[in-house]
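What follows draws every value from the coordinates through simple rules; no lab data is involved. Just so it is clear, the model here is predicted, and its values are computed rather than measured. Cβ coordinates were reconstructed from backbone atoms using ideal geometry, including for glycine residues, and neighbour counts include every protein chain displayed.
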Amino acid sequence: MADTNIPARYRVQVLDRSFRIVNALATADRELTPAELATRVRLHKSTIHRLLAVLEGQRLIHRTPQGTYGLGLRLIEMGSRAMRQLDLGQDALPFLQQLVEDTGETAHISVLREAGMVSIANVRGRWALSVPSTVGRRTYVHCTSVGKAFLAFLPEPIADELISHLRLARQTRRTILTSAGLRAELARVRRRGYAVDDEEAEDGLRCIGAPIRNYKGEVIASISIAGPVFRVQKSRVPLLARAVTKAAAELSAHLGYARPDGLAGKVAVS
């Protein structure tokens, strides 16, 4: 039972300091000594030692034989449980709604399923003439913005293996039909930070997509907008891409991903 004699302000302060210690260990590239932790979170060494003892007792951190500290197994267990409880489609809805608010165009979340992209959530655009979308709809990887955004940011060996099994079927006169052409396009996607489907899957339709990452930095889905070419004009693509990559970065952060550079929604204009 909690000690009710401890002032609420002090209990909040202890929680805040404890979270700062855990966060310092989570963002470090190695285990840290108590002195290093004290410096990073700006606390006195005696305070650090008391909080470390409590956190270690709860298995939120662990102490090595060398006297340094790292994250504990309980955090891994809690993280795994949280990931099992996560419903990406449902969690993505506020981000899709904001993306529609920012761009006016229909927004989607798609995941890779058996060499195809499958829509798991969408919000229709606010224009009278907007692109309809259905949850469960399956599209190609090689000619869609969600597919290219997903493929471009996979580890190279995995991407190469997937490309070797793709059927590069023609959808329009703009569809990429060779593995070499697709790899060149994926290199452009990586440089820009987003993918464009420039009437490659459907005539008259232009889409912009960006990857979504989980807490380990792995690409798990793509987010995109889709609209008619007269509205999603080429001159507007960089501006719209900023909104898409911003939504991707915010959703990724919601899933626990921390960018190494600390930036969100960075877009290279090409």
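Against the longest principal axis of the chain, how steep is helix 8-27, in degrees 0 to 90 to the nearest 10, with axes from Cα atoms?
Approximately 60 degrees, to the nearest 10.
Sequence gap at least 6, Cα distance under 8 Å: using those rules, report the relative contact order of region 8-82 to the nearest whole percent.
Over region 8-82, the number comes to 27 percent.
Quick one: dipole size for region 8-82, taken about the Cα centre, charges +1 on Lys/Arg Cβ and -1 on Asp/Glu Cβ, in debye to the nearest 20. Working shown, then result.
Details: 13 positive and 6 negative charges, 63 e Å.
Using Cβ point charges on Lys, Arg, Asp and Glu, region 8-82 gives about 300 debye.
Over the chain, what relative contact order in percent results from Cα pairs under 8 Å that are six or more residues apart?
13 percent
Which of rounded, prolate or oblate describes region 8-82 when judged by the alpha-carbon gyration tensor and an a/c cut-off of 1.5?
oblate
Using a 10 Å cut-off around each Cβ, can you sort 231, 138, 30, 192 from fewest to most neighbouring Cβ atoms?
If I rank by nearby Cβ atoms, fewest first, I get 30, 138, 231, 192.
Of the lysine pairs in the chain, how many meet both conditions: Cα atoms under 20 Å apart, and a spacing of 8 or more in sequence or different chains?
Eligible lysine pairs with Cα atoms under 20 Å apart amount to 8.
Assuming R0 = 30 Å, can you tell me the calculated FRET efficiency for the pair residue 101 and residue 215, based on Cβ-Cβ distance, to the nearest 0.05?
The pair residue 101/residue 215 has a calculated efficiency of 0.65.
For residue 121, which sequence-distant residues (separation of 5 or more, or a different chain) have an amide H within less than 5 Å of its own amide H, given hydrogens modelled in the peptide plane?
The answer is 109.
What is the sum of charges around residue 178, taking Lys and Arg as +1, Asp and Glu as -1, for the other residues whose C-beta is under 14 Å from the C-beta of residue 178?
Working: positive: 167, 170, 174, 183; negative: 185, 200.
That sum, taken over residues with Cβ under 14 Å, equals +2.
Once every DSSP H run of n ≥ 4 in the chain is given -39500 (n - 2.57) and the sum is divided by its residues, what mean residue ellipticity at 222 nm do you get, rounded to the nearest 500 deg cm²/dmol?
Estimated from H runs of four or more residues: -14000 deg cm²/dmol.
How far is helix 237-254 tilted, in degrees, relative to the longest principal axis of the Cα atoms in the chain, given as a value from 0 to 90 rounded to the nearest 10?
30 degrees
Could you tell me how many degrees, from 0 to 90 and to the nearest 10, lie between the Cα long axis of helix 88-103 and the main elongation axis, the longest principal axis, of the Cα atoms of the chain?
60 degrees
Which ³J(HN,Hα) values, rounded to whole Hz and listed in residue order, are derived for region 153-168 from phi using the Karplus coefficients 6.51, -1.76 and 1.60 in 6.51 cos²θ - 1.76 cosθ + 1.60 with θ = phi - 60°, glycine and proline given as x?
Coupling constants for region 153-168: 10, 6, x, 3, x, 5, 4, 4, 5, 5, 4, 5, 9, 6, 9, 7 Hz.
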